[in-house]
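Below is one structure; the comments refer to it alone.
The values are calculated or read from the model by the stated rules, or taken from the named source; none is laboratory data. Note that the structure is a prediction, hence the values are computed from the model and not measured. Note that we place each Cβ from the backbone using ideal geometry, even for glycine, and neighbour counts take in every protein chain shown.
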């Protein structure tokens, strides 16, 4: 039961930060005029690219911080401030610069990085790995990416159910979760340094 609880504690914040539902409007712009099979290949490349990037940071993120002399607690505070900044942009309806990109159908980079695996996702994976270990965070990343793939491949059904207003409402609701995670990171980082 403890392993399940810890998995939930790693999966939920990671999935919220990845937030595949929030990128569906951008994803639609890219794939709505291309064949379904090509769109599915595009989503696969997007998911794989984001997965590889985040997996790299799961395995080498903390050693890299140690190498350049940054404590995990300081990084937690910085991560919290970054997520707080992103959440403010989501609440106001203006995407922060970390997610404000130009999209085209020839490149997966804007979709996978930074829209799916942006600075907030990278920072969160490093912090989670420090708290829960490589294995658990890696499994959570795999599950998160599989769910993200399913959501992107079914974007038309999701859009039909939620519509533009529903997706906008979700983006603002998820911004509240971003803010809560951000405050938790900042608080824990400060308390850990103080302790």
Odd one out for residue 92 among (1) on the phi < 0 side of the Ramachandran plot; (2) buried (at least 20 other Cβ atoms within 10 Å of the Cβ)
(2)
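Regarding residue 183, is this residue loosely packed, with under 15 Cβ neighbours inside 10 Å, within 18 Å of residue 41 (Cα to Cα) and modelled with pLDDT of 90 or more? Explain how you work it out, then say what you get.
On the way: loosely packed, with under 15 Cβ neighbours inside 10 Å: yes; within 18 Å of residue 41 (Cα to Cα): no; modelled with pLDDT of 90 or more: yes.
For residue 183, the condition - loosely packed, with under 15 Cβ neighbours inside 10 Å, within 18 Å of residue 41 (Cα to Cα) and modelled with pLDDT of 90 or more - is not met.
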Cβ pairs under 6 Å, 6+ apart or interchain, first in the stretch 7-22 and on the phi > 0 side of the Ramachandran plot, second in a helix (DSSP H, G or I) and surrounded by fewer than 20 Cβ atoms within 10 Å (Cβ to Cβ), ordered by first then second residue, are 19/174
